[in-house]
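Worksheet for the structure shown next.
The values are calculated or read from the model by the stated rules, or taken from the named source; none is laboratory data. All values derive from a computational prediction rather than experimental measurement. Cβ: placed from backbone, ideal geometry, glycine included. Neighbour counts: every protein chain shown. Note: areas computed on protein heavy atoms with side chains; ligands, DNA, RNA excluded. Shrake-Rupley method; radii C 1.70, N 1.55, O 1.52, S 1.80 Å.
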Amino acid sequence: MDTRVRCWMLLALFLNCLIVPAGSQDTDLSRREVMAKLLDSSNYDANVVPDFDKEVPTNVSIQLIIHDIHSISETAMEYSIDVYLRMLWIDERLDYSNFSTKPKLELDTKNIDHVWQPDVFFENEKKATIHSVTTPNKLMHIHRNGTVVYSIRIAMTLACSMKLHYYPFDKQRCPLYIQSYGYTQENIDLLWHDISPVKLSPNLEMPKFDLIGDIKTSDYSVDVSSTGSFSTLKLEMDLIRSVGFYFLQVFIPSIMLVFLSWVSFWVDPNAVPARVSLGVTCVLTMTTQSAGIRQTLPPVSYVKAIDIWMCVCLLFVFAALLEFAYVNVLMRRPTKKSKTEPDGPASNDTNKTQDEFDKIEVKPTTPENKSKFLKLKERFLPTAQENRSKALQIDNLAKLLFPATFVLFIAIFFIVCFAARVRDFDD
C-alpha cells in the first residue's frame, strides 16, 4: 500500500516538473505568435464591442492634437484643420499579460482593420481625408493589459457659423463635434482625455486670426427619438481677427481718398473741370473699393462695421462733390448788369477776375420796355462779386466742417469696434 502511494507521489512530482517549464515557455512567445493568438478569428471578433457581453458601455478616451488651422473662410463660413485623432480604450480580449512579457505590440496598417475600432465621426464636418502619403497615416498599439491606442491624421473642413456684425474687428467661436455614429451611449461612452484633451502644435500660426484663451472642451449626449441617445464631445476655439491687413488695405486708403476729395475746397470755383473730375474720380474709386470688399463676405442680412465705414466714407466724398455743385450754382446766379453791359443776353460774369468785379458799376435798371415787376426783381439781384464772396465763404466753411466731422466719426467708430473686441463672448 505504501509503495503504491509513493509511486503516485513520484509520478505527480514528475508531471509537475514537466508542466511548469511548459507554462514558462508561453511567457516567451514572439510578437508574431502573440499577434496571431490575439487576433485568431476563433477567439476574437472585431465586429463586437469589447464590453458587449458585460452590458456596460465601453469608455473611449479621445485626445486631439491640432497640427494646423488654415483657410478660415467668411464667405463659406468654414475653417480647415489638420489634426491627430487619438483614441484609447480597453479591450480585455486583447490582454496578453498571461503569456508574454512584451510591453506593447505595434500593428501594421494592414492589421489595424482586424481590431475593433470606435465608429466616431465629426458632426459639423463638410469634407475630410485621411493622409495616405506614403502610407495611410494610422497607428495602433496594443498594451499588455488590453489597452488599445489608435491614432490617425485627418485633414478636415468644418462648418463654423460666424457673426460678422463687427467685421473686421470681430471674434469667432468655432466648434468641433465628435460623436459615435452607430453605437448609442449604452455601448460607447466618449470621454475627453484626463490629462490633456487638446494639444496645440508649437508652430501653429494663422494668417488672419489669433487664438485667444484656452480651448474649451465639454461632453454631453444627443437624444434622437428614433435611434436613441449618442455620446458627443464638443470643442470650442475662440479666434480673434488680426486687423493689420485691413488697416493697410481698407482703412488707410479710404481715409486718403476722403482727404483727397477735400482738395477741391482749395481749388478756385471757376476751375469747374478740375473740381468735377477730382470729385467724380474719388466717388468712383470709393465705390470700386467698397464693391471689392463685399465680394469677400457672405450676403448676410445685417449691417457690418465695414459697411458703415465704407458708406460713411462714400458719403463724405459724395458730399464734397455736392458742395461744389452748390458753389457752382451760386457763382452762376443772375446778377445785376453793369453800366458798360449792353441789353441782351446776360454775360458770363463768373469768368471775370476779382479786380474786374471791383470795377463793375451797376447801371440803372429803367429801360422803358421792362415791366415794373422785372424792375423790382432786378433791383434785389446780387452782384457777381457778392456771389463769388458767398461761394468762397461756403468753401471756407467746408474746409473746417468736413475734417472735424470725419475725425469725430473715426474716433467714435474705432472706440466702438475696439470695445467689442475686448468684450467677452457671453456679453
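Listing for the model above:
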quantity	calculated
Number of the exception - residue 380 against (1) at pLDDT 60 or above; (2) among the aromatic types (Phe, Trp, Tyr); (3) loosely packed, with under 12 Cβ neighbours inside 10 Å	(1)
Condition broken by residue 369, with the remaining ones in (1) open to solvent by less than 50 Å² (accessible area, probe 1.4 Å); (2) at pLDDT below 70; (3) over 23 Å from residue 265 (Cα atoms) satisfied	(1)
Criterion: over 30 Å from residue 205 (Cβ atoms), open to solvent by 20 Å² or more (accessible area, probe 1.4 Å) and either part of a helix (DSSP H, G or I) or of a type in the set (D, E, K, R) (or both) - qualifying residue of 68, 53	53
Pairs with Cβ under 6 Å, 6+ apart, first in the range 242-270 and part of a helix (DSSP H, G or I), second of a type in the set (Lys, Arg)	264/275; 265/399
Residues (farther than 25 Å from residue 399 by Cα and in a helix (DSSP H, G or I)) located in the range 290-308	290, 291, 292, 293, 294, 305, 306, 307
Pair list, Cβ under 7 Å, 6 or more apart: the range 229-241 residue on the phi < 0 side of the Ramachandran plot, other residue outside any strand (DSSP E or B) and of a type in the set (Lys, Arg)	240/421; 241/208
Some residue of the range 19-33 being at pLDDT 85 or above, over 50 Å from the mean Cα position of the chain (by Cα) and at negative phi	yes
Residue list for the range 108-126, filter: at pLDDT 90 or above and part of a loop (DSSP other than H, G, I, E, B)	115, 116, 117, 118, 119, 123, 124
Residue match in the range 398-405 (condition: open to solvent by less than 80 Å² (accessible area, probe 1.4 Å), in a helix (DSSP H, G or I), modelled with pLDDT of 80 or more and aromatic (Phe, Trp, Tyr))	yes
Residue in the range 191-213 that is least open to solvent (accessible area, probe 1.4 Å), counting only those that are under 30 Å from residue 296 (Cβ atoms) and of a type outside the set (A, V, I, L, M)	209
Of the criteria (1) exposed (fewer than 14 other Cβ atoms within 10 Å of the Cβ); (2) under 26 Å from residue 166 (Cβ atoms), which one residue 240 fails	(1)
The range 222-273 - residue that is out of contact with any Cys (no Cβ under 9 Å at 6 or more places or on another chain), charged (D, E, K, R) and modelled with pLDDT of 90 or more and, of those, farthest from residue 324 (Cα to Cα)	234
Conditions (1) closer than 26 Å to residue 180 by Cβ; (2) without any contact (Cβ under 8 Å) to a residue 40 or more places away in the chain; number of the one not met by residue 73	(1)
